[in-house]
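Notes follow once the structure below has been shown.
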Amino acid sequence: MEDRKVKLEQCRTVYQQFLSRLIKDKEEMTYDDALEFLELDKVYKHELGRYSMSGVTGLYFMINSDEPLDLQFDELQWEQE
């Protein structure tokens, strides 16, 4: 359980760093207006409450983007065998 606690704290740190960098980049328009549609005030985060999947623990988070996406398949984006 102690190891899980340490690993979960590492996950929280990565989450905090990632989100704070997104906020900074959005405010400073680091990528022009590419982050304009991100709703960083509505980031949903959930920690896995127990061991699952053979001892894995961590958290996941979701960030909303209301920007329309082109979901057409582009063969050039996939590695050729």
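All of the numbers you see were taken from the coordinates with simple rules; none came from a lab. Predicted model, so just to flag it, every value in this text is computed and none were measured. Because the Cβ atoms are built from the backbone with ideal geometry, glycine has one as well, and the counts that use them run over all protein chains shown.
Each Lys and Arg contributes +1 and each Asp and Glu -1, all at the Cβ; summed about the Cα centre of region 2-65, the dipole is approximately 500 debye. Put simply, the amide H of Gly58, placed in the peptide plane, has neighbours under 5 Å in Leu48, leaving out anything fewer than 5 places away on its chain. Sequence-distant or interchain residues sharing an amide H contact under 5 Å with Leu38, placed H: which? Here nothing satisfies the definition. Taking each of Lys24/Lys45; Lys5/Lys42; Lys7/Lys42 in turn, the alpha-carbon distance tops 22 angstrom for Lys5/Lys42; Lys7/Lys42.
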